[in-house]
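To start, the structure under review is shown below, and the notes come after it.
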Protein chains: 2
Amino acid sequence: MNDSKFIAIALEEARLGFEEGGIPIGAVLVSSEGKILGRGRNQRVQEGVPILHGETSALANAGNLHHSLYKGATMYTTLSPCDMCTGACLLFGISRVVIAENKNFVGGEAYLKQRGVEVVVLDHAECTELMERFIRERPELWSDDVGGKPKK
Amino acid sequence: MNDSKFIAIALEEARLGFEEGGIPIGAVLVSSEGKILGRGRNQRVQEGVPILHGETSALANAGNLHHSLYKGATMYTTLSPCDMCTGACLLFGISRVVIAENKNFVGGEAYLKQRGVEVVVLDHAECTELMERFIRERPELWSDDVGGKPKK
């Protein structure tokens with residue numbers, strides 16, 4: 001398993017987002033054969049589009065794929081996926097979600113498992129620190145990004 | 001209630017999508033005061049972006065809003081919302097989802113209700129006919145749009 005390699009790429013996306021003044025959450029969609037299908041980062045600030053979270057950006061950047069390509073794929077994300085990104089993983093039939101950390105936010109992990117998706121949480125220190133710093137510095141921006149009710 | 005008025009606008013979006021050769025699903029996000037915050041239609045074909053469904057397009061076109069503006073808002077959609085669009089409504093804290101029809105597809109209606117969202121299904125004949133026609137004419141495109149497993 002190359003989980004640490006792909007999470008490092010998701011973190012690279014998150015760091016780019018932070019440098020751009022955005023919300024530092026990144027994601028990478030990887031096929032069952034280990035090929036990167038798409039990578040992206042939250043674009044609320046940069047593009048002014050609130051539905052472009054890390055995971056949905058990675059899916060958007062992957063473009064239109066035949067539905068069979070999502071089977072066996074893994075979504076790597078720097079933060080526990082929100083309800084929308086949880087639903088996006090379910091819609092496309094992604095098999096596995098690897099989450100760098102869920103200390104700063106807990107999204108739809110339980111629902112993913114309930115629907116048959118494998119969920120792995122890594123407890124990744126650098127991802128946790130980057131997100132902690134962002135939430136401390138920009139609490140209102142973070143609040144808008146998660147519907148005003150961030151839960152830890 | 002102006003449900004029929006706003007569903008007519010969602011249908012207008014869906015018809016535009018059909019004319020463009022796209023997937024004919026439209027949506028309108030309306031505030032608690034009856035103001036249209038955003039409207040949109042599925043853009044998989046037109047923009048090549050698989051996460052731009054009707055509802056997510058309406059949310060994208062509404063732009064970045066303060067989280068309080070979604071409270072009491074209604075999402076009008078021509079078709080029962082898929083898992084991603086269900087999750088998007090939950091993320092932003094939309095209070096009510098009005099669905100024109102669920103004969104051609106049943107999405108996350110039960111989960112929305114379970115999470116406290118009011119769900120109304122109208123059984124709208126024109127929306128049903130338009131979607132039926134699209135699925136009959138473009139079954140593979142429809143299959144890709146809903147992860148390969150459309151359920152009736």
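All of the numbers you see were taken from the coordinates with simple rules; none came from a lab. Here the structure is a predicted model, which means the values were calculated and not measured. Backbone-built Cβ (ideal geometry, glycine too); neighbour counts: all protein chains shown.
Restricting to segment A:64-110, give me the number of residues that are of a type outside the set (Gly, Ala, Ser) and within 12 Å of residue A:25 (Cβ to Cβ).
Here is the first cut: in segment A:64-110, the residues of a type outside the set (Gly, Ala, Ser) are A:64-67, A:69-71, A:74-79, A:81-86, A:89-92, A:94, A:96-99, A:101-106, A:109.
If we keep only those that are within 12 Å of residue A:25 (Cβ to Cβ) too, we end up with A:76-79, A:81-82, A:85, A:99, A:101, A:104-105.
Number of matching residues: 11.
Can you tell me how many residues within segment A:8-30 are outside any helix (DSSP H, G or I) and surrounded by fewer than 21 Cβ atoms within 10 Å (Cβ to Cβ)? Break it down into steps so the answer makes sense when it comes.
The first filter runs over segment A:8-30 and keeps only residues outside any helix (DSSP H, G or I), leaving A:20-30.
Going one step further and asking which of them are surrounded by fewer than 21 Cβ atoms within 10 Å (Cβ to Cβ), we end up with A:20-21.
Residues flagged as outside any helix (DSSP H, G or I) and surrounded by fewer than 21 Cβ atoms within 10 Å (Cβ to Cβ) within segment A:8-30 amount to 2.
So which residues in segment A:105-126 are within 24 Å of residue A:20 (Cβ to Cβ), within 14 Å of chain B (Cβ to nearest Cβ) and touching a strand residue (DSSP E or B) at 6+ places or on another chain (Cβ under 9 Å), if there are any at all? Spell out the reasoning first.
Within segment A:105-126, the subset within 24 Å of residue A:20 (Cβ to Cβ) is A:105, A:107, A:124-126.
After this cut, where a residue has to be within 14 Å of chain B (Cβ to nearest Cβ) as well, the list is A:105, A:107.
A:107 - this is the single residue of segment A:105-126 that is within 24 Å of residue A:20 (Cβ to Cβ), within 14 Å of chain B (Cβ to nearest Cβ) and touching a strand residue (DSSP E or B) at 6+ places or on another chain (Cβ under 9 Å).
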Completion exercise
Cβ pairs under 6 Å, 6+ apart or interchain, first in segment A:116-132 and free of Cβ contacts under 8 Å to residues at least 40 places away in the same chain, second assigned to a helix (DSSP H, G or I) and surrounded by 13 or more Cβ atoms within 10 Å (Cβ to Cβ), ordered by first then second residue, are A:119/A:109; A:119/A:112
Problem - segment A:31-65, subset crowded, with 24+ Cβ neighbours inside 10 Å, touching a residue at least 60 places away in the same chain (Cβ under 8 Å) and more than 7 Å from every other protein chain (Cβ to nearest Cβ), residue farthest from residue A:13 (Cα to Cα) - result: A:53
Problem - Residue within segment B:89-104 that is away from chain A (no Cβ under 13 Å), closer than 30 Å to residue A:47 by Cα and not β-branched (Val, Ile, Thr) present - result: yes
Practice task
Please find, among B:80, B:68, the residue that is more than 11 Å from residue A:51 (Cα to Cα) and in contact (Cβ under 8 Å) with a residue 40 or more places away in the chain.
Solution key: B:80
Practice task
For residues that are in a loop (DSSP other than H, G, I, E, B), out of contact with any helix residue (DSSP H, G or I) (no Cβ under 6 Å at 6 or more places or on another chain) and within 12 Å of another protein chain (Cβ to nearest Cβ), scanning just segment A:127-149, find the one that is surrounded by the most Cβ atoms within 10 Å (Cβ to Cβ).
Solution key: A:146
Handout entry: Among the candidates A:11, A:29, A:52, residue that is farther than 17 Å from residue A:120 by Cβ and in contact with a helix residue (DSSP H, G or I) (Cβ under 8 Å, 6 or more places away or on another chain)
Key = A:52
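I'm trying to understand the selection: among the residues of segment A:6-35, which are basic (Lys, Arg) and out of contact with any Gly (no Cβ under 9 Å at 6 or more places or on another chain)? Please lay out each step first, then the result.
Residues of segment A:6-35 that are basic (Lys, Arg), as a first pass: A:15, A:35.
Once the filter is applied, which keeps residues that are basic (Lys, Arg) and out of contact with any Gly (no Cβ under 9 Å at 6 or more places or on another chain), segment A:6-35 yields only A:35.
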